[in-house]
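Written out below as structure tokens is the structure these notes cover.
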Amino acid sequence: MERARGHLYAFHQLIGGANPLLGDAVEELREAGHYEQADRLSDELIGRNILAGRWTFQIMEEFDDGYWTAFRPAPQLHGLTTYYHLAEEPPSDSRMLHLDGKHRGPLLNTAIISNVAPSYSAGAALIASTVLGAHTDAETGEADVSRRD
């Protein structure tokens with residue numbers, strides 16, 4: 001199925017690439033004084049739909065949405081739980097999202113919200129920590145997540 005989709009995409013690219021080349025040929029015909037042939041090609045071929053009323057990108061979209069999608073498995077979704085903590089001082093001055101690139105778990109990412117939006121927390125650092133899965137405090141251990149920040 002992926003090969004068929006790839007060929008359809010290649011077809012889309014080839015057709016899309018042909019129009020500028022045809023435009024160049026029309027200009028060369030005009031420069032050579034062949035105005036009637038240039039006008040005919042310009043009127044009948046440049047920008048023409050491949051199928052009645054549809055461009056190649058529309059054919060791609062219809063294939064993707066109607067046929068190809070039926071062969072693809074539904075993506076596996078995972079819930080997330082975000083804990084919000086207050087600290088006397090922010091652990092860093094960064095305005096970035098901190099990711100757990102080493103996959104030490106359970107923490108996925110942490111953001112110091114108050115570094116980006118100070119008005120969200122008056123006088124303290126507001127920290128958001130996200131873990132994979134839908135958890136209650138007892139299951140995940142919010143205290144463990146807080147220590148990882």
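Dividing the summed -39500 (n - 2.57) terms of all DSSP H runs of n ≥ 4 by the residue count of the chain sets its mean residue ellipticity at 222 nm at -12500 deg cm²/dmol. A DSSP coil position with no more than 16 other Cβ atoms inside 10 Å describes the following trypsin sites (Lys or Arg not before Pro) in the stretch 17-106: Arg48, Arg95, Lys102, Arg104. Restricted to Cα atoms, the stretch 43-93 shows a radius of gyration and a Dmax of 24.4, 72 angstrom. Here is what passes the span test in the chain: the DSSP H helices with alpha carbon length of 15 Å or more along the helix axis and a Kyte-Doolittle mean of -0.5 or above are 2-31. The calculated pair-distance distribution of the chain uses every alpha carbon pair, bins of 10 angstrom beginning at 0, and gives 9, 22, 14, 11, 16, 14, 10, 4, 0 percent.
Rounded to the nearest Hz, the phi-derived 3J(HN,Hα) couplings of the stretch 97-108 under the Karplus curve 6.51 cos²θ - 1.76 cosθ + 1.60 (θ = phi - 60°) are 7, 8, 9, 8, x, 8, 6, 6, x, x, 6, 9, where x marks glycine and proline.
Read-outs: derived from the displayed coordinates by stated rules, not from any lab. What you see is a predicted model, and the numbers here were worked out from it, not measured in a lab. Positions of Cβ are generated from backbone atoms using ideal geometry, with glycine treated the same way; all protein chains shown enter the neighbour counts.
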